[in-house]
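Read the structure below first, then the notes.
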Amino acid sequence: MRKLLLINPNTSEAVSALLQHQAQLAAGPGAVVHTVTARFGAPYIACEASYAVAGHAVLDAWATSLTAQPVSFDAVLIGCFGDPGLMALRECSGVPVTGLAEAAFFEAARTGRFAILTGGLRWQPILERLADNLGFGAKLAGIHTVTQSGAELARDPAAAQALLQKACLACAERFGIDSIILGGAGLAGMARKIQPGVPLPVIDSVEAGVRHALNLPPVTARTSPKFDFAWHKLSPELTTLGVSSCV
């Protein structure tokens, strides 16, 4: 049975609970999902500063999981649509790593050009930069953000569904796309609820993330789950990992 570590890079236990529930549903009985929550940072990532801190929190959560869990994980999924810490953790973890955004980009790109619908106005430049860095810039037709954050939308699902369905229709008309990514941990599970009212595929970033993570091949390089130099004045778990080099 495959084991997936799902890291919530923000400090919201409510978001972690939502992620755990929706990710385990997506994984099915053939995999076990274990969700951990960032020990520090923002309750919901919504700006460049909180995004930067979240990358550190992801590394800390990984290090903490290694010491707290007696099992080895087959893959890691970063449970934030923006994938903070993706490249750093991929470089040093020794296991396959992906994030909600990268996984959703892969899935959407297979249908053609896509748009992103997400909560939080300041996410647009972060996501544009990420799409370019991951090689999906040409496939991304545009980003539509609503004022409310994903966490705020999750607190009123009925109102959120009506708002997001209307926004999906606006995206389809505005961008002339083949699919829409509904991006955000707080929006997990909403895509299937609004799909009947939208005439093109609506991709749930959490479901796409689980599918992609569980199908990643093992890392073949001889990489130890440690960082390449000793850390100073960080958590004991991160400091412990920083004693041996990655190959």
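Coupling constants for the stretch 179-196 follow from the phi torsions by the Karplus curve (6.51 cos²θ - 1.76 cosθ + 1.60, θ = phi - 60°), and in residue order they are 7, 10, 8, 8, x, x, 4, x, 9, 4, x, 7, 4, 5, 7, 9, 4, x Hz; glycine and proline get x.
Annotation for Ala14 and Val32: the two label points, set 7 Å from Cα along the Cα-Cβ direction, are 3.0 nm apart.
Solvent-accessible area per residue in the stretch 13-164 equals 40 Å², computed with a 1.4 angstrom probe and all protein chains kept. Scanning residues 5 or more positions from Lys139 or on other chains, none has an amide H under 5 Å from its amide H, with H placed 1.01 Å from N in the peptide plane. Sorting the segments 30-42, 133-145 by their residues' average number of neighbouring beta-carbon atoms within 10 angstrom, most packed first, yields 30-42, 133-145. For Cα Rg over 2.2 N^0.38 Å, the value calculated from this model appears in (1) 0.98; (2) 1.06; (3) 1.15 under label (1).
Taking trypsin sites (Lys or Arg not before Pro) across the stretch 159-241, the ones in a DSSP loop with at most 11 further Cβ atoms lying within 10 angstrom of their Cβ are Arg222, Lys233. Give, as ranges by residue number, the residues of the stretch 52-85 whose backbone N falls under 17 Å from the point 7 Å along Cα→Cβ of Thr220. No residue passes the distance filter.
Translational D (Stokes-Einstein, µm²/s) of the stretch 1-135 at 37 °C and 0.692 mPa s when Rh comes from the Kirkwood sum over C-alpha pairs? In µm²/s, the coefficient is 216.
The alpha carbon gyration tensor of the stretch 113-247 gives principal lengths a ≥ b ≥ c with a/c of 1.5 or higher and a/b greater than b/c, which makes the shape prolate. Residues considered: Leu164, Leu127, Leu25. Largest GNM mean-square fluctuation over the chain, using C-alpha springs under 10 Å, is found at Leu25. Coupling constants for the stretch 39-48 follow from the phi torsions by the Karplus curve (6.51 cos²θ - 1.76 cosθ + 1.60, θ = phi - 60°), and in residue order they are 8, 7, x, 8, x, 8, 6, 8, 7, 4 Hz; glycine and proline get x. For Val32, the residues whose amide H sits under 5 Å from its own are Arg2, Lys3, Leu4, ignoring neighbours fewer than 5 places away on the same chain, with H placed 1.01 Å from N.
The values are calculated or read from the model by the stated rules, or taken from the named source; none is laboratory data. The shown structure was predicted, so the numbers you read here are calculated from the model rather than taken from an experiment. Methodologically, a virtual Cβ is constructed for each residue, glycine included, from the backbone with ideal geometry; neighbour enumeration extends over all protein chains shown. Side chains included, ligands, DNA and RNA excluded: accessible areas come from the protein's heavy atoms. Shrake-Rupley method; radii C 1.70, N 1.55, O 1.52, S 1.80 Å.
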